[in-house]
Structures are given as C-alpha cells and as structure tokens.
1. Looking at region 697-707, is at least one residue hydrophobic (A, V, I, L, M, F, W, C), free of Cβ contacts under 8 Å to residues at least 60 places away in the same chain and assigned to a loop (DSSP other than H, G, I, E, B)?
2. Within region 294-316, track down each residue that is surrounded by fewer than 20 Cβ atoms within 10 Å (Cβ to Cβ) and either touching a helix residue (DSSP H, G or I) at 6+ places or on another chain (Cβ under 9 Å) or outside any helix (DSSP H, G or I) (or both).
3. Within the set of pairs 6+ apart or on separate chains, which have a first residue in region 649-661 that is under 18 Å from residue 784 (Cα atoms), a second that is open to solvent by less than 90 Å² (accessible area, probe 1.4 Å), and C-beta atoms under 6 Å apart?
4. Hey, can you tell me all the residues within region 266-293 that are of a type in the set (A, V, I, L, M), more than 16 Å from residue 248 (Cα to Cα) and more than 36 Å from the chain's Cα centre (by Cα)?
5. Quick one: is residue 639 open to solvent by less than 60 Å² (accessible area, probe 1.4 Å), modelled with pLDDT of 80 or more, assigned to a helix (DSSP H, G or I) and out of contact with any Pro (no Cβ under 8 Å at 6 or more places or on another chain)?
6. Given the condition assigned to a loop (DSSP other than H, G, I, E, B) and either under 27 Å from residue 174 (Cα atoms) or among the basic types (Lys, Arg) (or both), answer yes or no: does some residue in region 392-410 qualify?
7. Could you figure out which of (1) crowded, with 19+ Cβ neighbours inside 10 Å; (2) modelled with pLDDT of 90 or more; (3) outside any strand (DSSP E or B) isn't true of residue 584?
8. For region 587-604, what are the residues that are in contact with a Gly (Cβ under 9 Å, 6 or more places away or on another chain) and either open to solvent by 10 Å² or more (accessible area, probe 1.4 Å) or closer than 30 Å to residue 627 by Cβ (or both)?
Amino acid sequence: MEPAAASMLLIVGLVGVVGVLVVLLVQSNKKLINQRMVTKNVEDMRDTFIDVGETVIYLKDDDLNYLFINKAAEPHYHKSVQDIIGHDDSSLEVEPFGPAMIETDRQVIEHNEIITYEEKHKNRSYKMKKFPVKLSENQIGVGAFIREITDEEKLIKKQERVLFRNKILVNVLSKNFRNDKKQLDYVLHEALKLTESKIGYICFYNEKKQEFTLKAWSKGMLKGSEMEEPQRIYQLEEAGVWGEAVHQRKPIVLNNDGAEPTAGQEFPGGQKIVGNFTTIPIFIDEKIKAVVGFAGKEGHYDDNDVSEMTVLMNGVLTNQDRRIIQKKLFEERSKYFQTLISIGDGVMVVDPAGKIEMLNKVAQQLTGWTNEEARGKHYTEVFVLSHEDRRQEIEDPIVTAMATDQTQELRNHAVLTAKDGSVFHLEDSAAPIKNEKGETVGIVLVFRDVSEKKEQRQEIEYLSFHDALTGLYNRRFLEVELLRLDNERNLPISIIMGDVNGLKLTNDIFGHAHGDVFLKKIAEVMRRICRGDDIIARWGGDEFVIILPKTTIEQAKQIKKRIKTEFAQDGVKIIKGNISLGCDVKTSMEQKIMECLESAEEKMYAAKILERDDFKSTTLDSIITTLQSDSPQEEEHALRVSQWCHDLGVNMELPHVNIRRLKLAGYFHDIGKIVLHKDLLEENSELTEEEISEIKKHPIMGYRILNAFDDTMPLADAVLHHHERWDGNGYPKGLKGEEIPFLARVVAVASYYDRLTSAPEGVALGLDQHPLIHLEKMEGHFDPEIKREFIKMIKNLPN
C-alpha cells in the first residue's frame, strides 16, 4: 500500500476513535446530569418529608451554631429557617424550648451521649431526644428531635380522669356498703379528688315537693360545729345559688378566683361559698333526681368537671335505683333469683343432674375453681364436703334438698376442701329453684366461710373454762371436772389447795402488772411439777386448786413440797415466792369429794396462819435490806433520824410507848423509796420534774408497805405524812397544823435536820450558814413547838 493511502487510512481510523470517544463522553455527561437530577429530587423529597411534620429537627456544630433546622421550628423561633442557620441560640435571643437547651446540647457534645428528656416551657410540654453527630474527623455536633406533647399530656390526664371515674363506679357497684349514706360519703370523697375540690355536697331532689334532702357533705361545708346534726331538708325557694341548677335545669359554674361571695352564695348549711364553685343537676328519665356541688378548686371548673360528675352520679343513682329494684325482686321472686343478687356469700347453682351452672365470685374463691372451670362438672368434684371429724360422714344438703324438695341447712361440722387443699369451715343452706309452674329446675346452695367465727367460738369456749391470765382452768371448769372424776377408777383422788402470799403487797407496791407476773409464775411452777392428767385451776384471786387422780396422800404431799420449794426460789422484785398449801385425799366412794376439797382448804388456811408472821417478817426484812443495799446513805440516814426521834421523845418526856413508836417511825419513814430506781437515791444528782414527782410518791408507798404488816400498821400514818408542812404546802395531802399526825411532825423535823447536817458542807441544800441557824429561820415548814424543843435539845448536846 502506498504511503498516502496508508496515512489516509490512519486519519480515518483516528477520526473514528475520536468520534466514539465524543459519543461516549456525551452519553456519560447525560448520565451525570441525570444522576444529579435524581440526587436533587431525593434531597427535595427529604426536605419535604422533614418539613411536613410538626417535629422540630436541627443539627448544630461544635460551637452550637445551627447547620440545619427544618421549617417546623419557625413558629417556635418566630424566625425563618434562613434567619436561624449559621447562628446560635444566644445570638437569636430566644428560648423556644426552655432554658436547658444550650446546657443539654453541650452535654451531648462533651460526653458523646444520647439524652432524652421532657421539658415544660410557657405552659407547653416537649419531649426531646438529642444525639451526637460526627461532622468531621475532629468535630462533633449535636442533632435533635423535638416533639410537642402538650395535647398528649392533656389526653392522658383526661384518660386518667375517666379511669379514676370508672374505678369509683366499679367500687360503688362492687363494694358492700353498710347503707346508702356510706356509699354516698364514699362517692363524694372520691369526687372531691376527681375534681380537685376541697368542699362538696350531694343533695337528692324531689321535683314534686320542690325539696332538697342533704345526703352527703364534706368537712368545712357546714356552718358551726361539725359535730352538730345538720339541717337535712331544704325548700327550693330558700336555696341560694346552688338552687339555680334546678331553676335553670343546667349546670352552674362560677369561677370567681377568690372574689368575695355575694348574697345567696352559700352552701346548704349556711357556709359562704368562697372561690370557684359549680353545682350540677343530675337527670334520670328527664327528671332532676339530685344536685351536686363542689368548690375550692384552684383552677377553673370546666365542661370536663361537669361531664365527669354527670356520668359518675348517673352511674351512682342508677346503681341505687337498681338496688331498690333488686331488693323488691329479692322479696318477690324465687330463691334462685334471690341468690343471684346475694354477693356476700358463696353461691352455687346446680341443675337437676347435679351439674354446676354457676359459681359466684365468693364461691370461686372458696372452692378454688373459676366459673368457667366448674361449669358442667358434677358439684361433688368442685364442692368437696366432709365432716370436720374425718371418722364421721356429713349429710349432703343438695341431695337432701332434691329428695325432700325443701330447704336444707348444713350442720355446724361441715368442712370444704378447696382445689389447692385449703380447708374452710362452712355454714350453708340448699334450696330448690322453682320455675313459673312450680317445678324444681335445680338447687341453689348458699354458703359462707365461718372459719374465723368458729375460731372465735372456740376461743370463747376456751375462755369459758380457762383463766385468761394464767391459762389454767377456771373454777367453773374445775367444779364440773371434780364431779366427772369422782368415780372409783380414779381413787385415791388427792386435792391440793394453795393461797399465794404477798400478792396484795406486790400489787400495792409495784402495781397489778407485777402482781399478774406473780400469779403466772406460780402457774408455771404448778404446770412444771404436775402430771398431764392432773387438773390445775385458778380457784379465785390468789387461790389455786389441783386435782390429782390416782394419787395417794403421800404422793400429794411430795408434790405440795416441790411446789412450795420451787416457788420459793422465784418471786417478783423484792417479794419472794411464797404459797400456803393444804391437801387431803378421797380413798373411798363413801367420802364426798366436796368435803375433801373443804378439808384441803381448811389445812391451807391453817398453814397460812402459821406461816403468815414468818413470811411478813421475812418480807419486811427483805425490803429494808434491799433499800439499804441500794443506798447505804439511806440506812445511815434512817438510823440517825430514828435516834433523833427517840432523843426528842425523851426530852419532851413522852410516854415510853410513844417514844418507841417515834423511834420506829424515824427508822421506817423512807421505806417507800424501795420502789425508786437507785439513781434517784443519790442526793447530789440533778433531778427532772418527772423524777421529783416519782420521789414524792415514796410516802404513799411507805404507807402501803407498813399497812401490810400488823406490827408496823400504827406507824403508817406517820410515814405517809412526814412531808406535810405546818402551813399546808406539803405533800401528799396538803394537811396543815395539827391535822398532821404528831409522829409525822416529829419525824419531819428530825429528817430535815439530818439532811442538813449530813450533806457535804451544805452543798446539796445550798446552805451558806450553820444548819441550826438555817432551821431556826425556817417558817411554816414545821410545828413551831416541836422545832423549838428539837433546837433546844441540839443546843444542849455536849458538842
């Protein structure tokens, strides 16, 4: 080929290649343009999608300048999107969603975390979700979705009110109220909460008589005392603003916001209506049956309040009307229908074949079967009845009712075993169900759980034969048991009778609670020593009797000895356990058991007489020893006062008997302090008013102690009154002058002087002078003559 032709061919080839490349380039450009158009369409669709909703969406950089925000934000910012982008919230000078906006934005960026929270701002509510957005390798921004939930909250609140109202209605319909008044009181109480009111009332209205009857009212509505019985009947013409609901036959709403009430703005009862108020007529069959009123709500009453109260009261009144109808039907219809409205007891209805048709709620609870599970089953599978004594059979009331066509009642010993094995004691009755033709079409069984009642009955029966304090048998039981055991196979029958010593003294000194402990302890000792078949009873206040079947007199004496020994090791406070015991035995049927009891009693009293002096002496010594052990200074004080009293009696040339009594009175004058805590016996301790009051009781306690013993009884008055004052300002009785017993007047001077002289350098009594001078200057405290004689005696002492 020639060079020219070859060149030509090469040029043509190159042009062809260029042409192909141009075609490809044009096609690629068209494709790029199409892709850009698609991308723009997608972006436009995205913006449309983002802007069409009410949720505010934004994106901020790390300086919190807006990079993006949708059009839903414009009403909140009162600016256009173009005016917002590129600025931060501070420069925009707005707080569209509350003051926490900037703080939470920064928190998202700083902690790189998602935050979800709710914010209330300018009576609007918002739900916010903020999240970190990576803008570049080193830059994090914040994105947010903000949705207004104000209407949702209102809807939820409205739903909650509806639920609360329905709950009230459910309770009204399901609860067993004692009477209509209790039901209406409950409804009013709940309605106050529902309407957020403070005061309210419910009146029934009789359109024919134009008369209101006040049925329920809240605290604070009535004028005067809440305890007074209010006026119940009001005529329409005397009703104020609350009667307008009847006149106008529509609800009346007065939102006064605390304005002073005008004439006629009063509640039933006369109390002024202050603040917001509403009164609502309740219509049943186009007649006003009731008027309700509420006041004291902080916000305004509105249509929701009226609507809620209308629905609620319509339900309540309808329920009351239904109950009236049911009551009439109960009286007029058959046993079957009566049972259906009896919701307090378990109810089971069976057909003539014994298949269960219905269990009410109580029956379901007691049997453990639901109505659906039990329906169609034979009643014996669900209602498992037996005798409480498994060895005996129980009569089936349903079988008997079917056989006799008469009402049958279940015996007291019936026990129901539930599905889960629970056991209930029952009372029930079964009655035939009759149709209009008088034919028996089934049996209705009404039953109730009397387990608690049975337990109470058993407890009453227990208490009727047992002593409530000690748990021993009581006298009534013992007298019956004594006759039952009085037979030949129980011979010999021994009887022990005991009388607790020191019970009265314990009661007088420490109170009846400690006396009760005393009795319980002797009961424990007797139980511990006696056998299971022996009968131990509390015969009287502090007397006990033990019946010992098949027991010789020697065995009885051993038991008696053990009781006495073990009880002597016990006691209450300073009073040691002591009991006088006597016993006798019946060895033949010719002997009378009651004579054996009387003989044991005589021996017990004989033992008590022989042991009394020793017990009293021991007890008195124990009291003194305990007091002196707790407070050695009290022992020293008693000895010194006793000597002062003796010496003064000698100086006053009193009879020997009086001198001896004076000495003893001085020794025993503070014996009542045995009841005080040892800390109160410390002379230098600071005392509270309550502790001083306790100390002032010791003369009374001393009086009780000394009165319990024959030898010290003549000293009791002197101990009782040794803190009385000549001017009548002493205690415990406030006697004055010669009303105070002579011995007490002497003890008062001697005791006071000894306190003066025994106090360390007079510190305890705050003295700044010689005790004798101090005593001389005291006026009104002591008998002047006795005080003179005492001072004269002291001055004549050698030292």
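The values are calculated or read from the model by the stated rules, or taken from the named source; none is laboratory data. In this text, all values refer to a predicted model and were calculated from it rather than measured experimentally. Cβ placement follows ideal geometry from the backbone for every residue including glycine, while neighbour counts extend to all protein chains displayed. Just so you know, the surface numbers come from the protein's heavy atoms only, side chains and all, with ligands and any DNA or RNA stripped out. Shrake-Rupley method; radii C 1.70, N 1.55, O 1.52, S 1.80 Å.
1. No, that holds for no residue.
2. 296, 298, 299, 300, 302, 304, 311, 315
3. 649/659; 649/662; 651/793; 652/789
4. As a first pass, look at region 266-293 and keep what is of a type in the set (A, V, I, L, M): 273-274, 280, 282, 284, 288, 290-292.
The next check asks that each one be more than 16 Å from residue 248 (Cα to Cα); those that pass are 273-274, 284.
284 - this is the single residue of region 266-293 that is of a type in the set (A, V, I, L, M), more than 16 Å from residue 248 (Cα to Cα) and more than 36 Å from the chain's Cα centre (by Cα).
5. On the way: open to solvent by less than 60 Å² (accessible area, probe 1.4 Å): no; modelled with pLDDT of 80 or more: yes; assigned to a helix (DSSP H, G or I): yes; out of contact with any Pro (no Cβ under 8 Å at 6 or more places or on another chain): yes.
Criteria not met by residue 639.
6. Checked against the condition, which is being assigned to a loop (DSSP other than H, G, I, E, B) and either under 27 Å from residue 174 (Cα atoms) or among the basic types (Lys, Arg) (or both), region 392-410 yields no hits at all.
7. (3)
8. Residues of region 587-604 that are in contact with a Gly (Cβ under 9 Å, 6 or more places away or on another chain), as a first pass: 599-604.
Once the filter is applied, which keeps residues that are in contact with a Gly (Cβ under 9 Å, 6 or more places away or on another chain) and either open to solvent by 10 Å² or more (accessible area, probe 1.4 Å) or closer than 30 Å to residue 627 by Cβ (or both), region 587-604 yields 599, 601, 602, 603.
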